[in-house]
Amino acid sequence: MLDPSFIGTVTKPRAVEVEKGQLRFFANATGETNPIYFDETAAKAAGHPTLPAPPTFLFCLASLAPDTENVLGKLGVGIGRILHGEQRFTPAKAIYAGDTITLTTRVADMYEKKGGALDFIVQDTDATNQNGESVGSMRGVIVVRNG
Amino acid sequence: MTITYDSVSVGDALPPHTSAPISRHTLALYCGASGDHNPIHVDSDFARSSGMPDVFAHGMLSMAFLAQLLTKWVPQEQIRHWGVRFTSITPVQVKVQCTGKVIEKFEADGERRVRLEITAATDKGQQTLAGDAIVALP
């Protein structure tokens, strides 16, 4: 049973740099074939200033700059008990290599299903770049397997 | 070829996109590349001690394949909003088959948009992700 008093908990803003090598590594790991995601010359030819971050990379940035409040740890949730339930993205502006993205995550909701066999934690993350512009937001739902 | 609003109809399918077979090596690479270091995806001893029969793929790896389905169709900048539910676990050794279709055409915020239904499934026919995307079209 999760402690609902954690709803509304907001992380401290955490900054993470978008590294070109990390983008290339991600492109390789995901079998990306579109060269704008790993070849800077191709990216520039397509009108980008440098390598763009692909559509799910904001989630990776959140993993690379973990929640300093450690909400899951304080809730007593072990990493072996969690599954990803849902993920949504609302992009606002392109993220590029060299950007510094600042993330703020809020625990939006918590609820249980199946008589407490599964707990759900809903987290909303807002992201801004080094110019203070919103680059988008995302919502993730984590499922905790109990018992 | 540029996809335009007038060139698509409700019911149209996007060109499908299929991943390479997901090996344990794929999961090790994705672990490092994504920053998601949860050992349940790469350490079979840890996975079994957590009550799972084996390691399994990161849901976000399949979501990255769905992103490729979209970005093969239109430039990424045209994606307005998208998301998925992870409906079942993706085991190792499967290919992930991504499909999408146009389910609505509409105007919003002064631009023309389509709503897509998107799904990922294993090559054994098990659906793994189900979601939707709103994409602006010229």
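The values are calculated or read from the model by the stated rules, or taken from the named source; none is laboratory data. Being a predicted model, the structure only gives us computed values, none of them experimental. When we count neighbours, we look across all protein chains shown, and the Cβ atoms used for this are built from the backbone with ideal geometry, even at glycine. Remember, those area values only see protein heavy atoms, side chains included, never the ligands or the DNA or RNA. Shrake-Rupley method; radii C 1.70, N 1.55, O 1.52, S 1.80 Å.
Exactly one condition in (1) assigned to a strand (DSSP E or B); (2) within 13 Å of another protein chain (Cβ to nearest Cβ); (3) surrounded by fewer than 21 Cβ atoms within 10 Å (Cβ to Cβ); (4) among the small types (Gly, Ala, Ser) is not met by A:Gly140; state its number.
Tallying (1) assigned to a strand (DSSP E or B); (2) within 13 Å of another protein chain (Cβ to nearest Cβ); (3) surrounded by fewer than 21 Cβ atoms within 10 Å (Cβ to Cβ); (4) among the small types (Gly, Ala, Ser), A:Gly140 fails exactly one: (3).
Take the residues of region A:105-131 that are within 15 Å of A:Pro91 (Cα to Cα) and open to solvent by 40 Å² or more (accessible area, probe 1.4 Å): which is farthest from the chain's Cα centre (by Cα)?
Restricting to residues being within 15 Å of A:Pro91 (Cα to Cα) and open to solvent by 40 Å² or more (accessible area, probe 1.4 Å), the top hit is A:Thr128.
Identify the single condition in (1) at the interface with chain B (Cβ under 9 Å from one of its Cβ atoms); (2) touching a strand residue (DSSP E or B) at 6+ places or on another chain (Cβ under 9 Å); (3) under 28 Å from B:Ala47 (Cα atoms) that A:Ile79 does not satisfy, given that it satisfies every other one.
Every listed condition holds for A:Ile79 apart from (2).
Yes/no per residue for (1) open to solvent by 20 Å² or more (accessible area, probe 1.4 Å); (2) within 13 Å of chain B (Cβ to nearest Cβ); (3) not hydrophobic (A, V, I, L, M, F, W, C):
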site: A:Pro52; (1), (2), (3): no, yes, yes
site: A:Leu58; (1), (2), (3): no, yes, no
site: A:Val71; (1), (2), (3): no, no, no
site: A:His84; (1), (2), (3): yes, yes, yes
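Restricting region A:18-50 to residues that are farther than 23 Å from B:Thr26 by Cβ and not in a loop (DSSP other than H, G, I, E, B), which is least open to solvent (accessible area, probe 1.4 Å)?
A:Ala43
This table checks each residue for (1) outside any loop (DSSP other than H, G, I, E, B); (2) within 15 Å of B:His17 (Cβ to Cβ).
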position	(1), (2)
B:Val84	yes, yes
B:Ile89	no, no
B:Glu107	yes, no
B:Val114	yes, no
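Check whether at least one residue in region A:1-17 is closer than 19 Å to B:Ala33 by Cα, touching a Leu at 6+ places or on another chain (Cβ under 6 Å) and surrounded by 15 or more Cβ atoms within 10 Å (Cβ to Cβ), and report yes or no.
Among the residues of region A:1-17, at least one is closer than 19 Å to B:Ala33 by Cα, touching a Leu at 6+ places or on another chain (Cβ under 6 Å) and surrounded by 15 or more Cβ atoms within 10 Å (Cβ to Cβ), which makes the answer yes.
Scan region A:7-14 and tell me whether some residue there is in a helix (DSSP H, G or I) and not small (Gly, Ala, Ser).
No: region A:7-14 contains no residue that is in a helix (DSSP H, G or I) and not small (Gly, Ala, Ser).
When region B:91-105 is examined, which residues are found to be in a loop (DSSP other than H, G, I, E, B) and of a type in the set (Val, Ile, Thr)?
Once the filter is applied, which keeps residues that are in a loop (DSSP other than H, G, I, E, B) and of a type in the set (Val, Ile, Thr), region B:91-105 yields B:Val92, B:Val94.
Of the residues B:His81, B:His17, B:His41, B:His37, which is open to solvent by 40 Å² or more (accessible area, probe 1.4 Å), within 11 Å of chain A (Cβ to nearest Cβ) and modelled with pLDDT of 95 or more?
Going through B:His81, B:His17, B:His41, B:His37 in turn, just one is open to solvent by 40 Å² or more (accessible area, probe 1.4 Å), within 11 Å of chain A (Cβ to nearest Cβ) and modelled with pLDDT of 95 or more: B:His81.
In region B:39-54, how many residues are in a loop (DSSP other than H, G, I, E, B), in contact with a helix residue (DSSP H, G or I) (Cβ under 7 Å, 6 or more places away or on another chain) and touching a residue at least 12 places away in the same chain (Cβ under 8 Å)?
Adding up the residues that qualify gives 3.
Scan region B:72-86 and report the pairs whose first residue is free of Cβ contacts under 8 Å to residues at least 24 places away in the same chain and whose second residue is open to solvent by less than 70 Å² (accessible area, probe 1.4 Å), with Cβ atoms within less than 6 Å and a gap of 6+ or a chain change.
B:Gln76/A:Pro55
Residue under question is A:Leu64, and the condition is that it be within 12 Å of chain B (Cβ to nearest Cβ), at pLDDT 95 or above and touching a strand residue (DSSP E or B) at 6+ places or on another chain (Cβ under 6 Å); does it hold?
no
What's the number of the condition B:Gln97 fails, among (1) away from every other protein chain (no Cβ under 11 Å); (2) closer than 22 Å to B:Ser34 by Cα; (3) buried (at least 22 other Cβ atoms within 10 Å of the Cβ)?
Against the list (1) away from every other protein chain (no Cβ under 11 Å); (2) closer than 22 Å to B:Ser34 by Cα; (3) buried (at least 22 other Cβ atoms within 10 Å of the Cβ), B:Gln97 comes up short only on (3).
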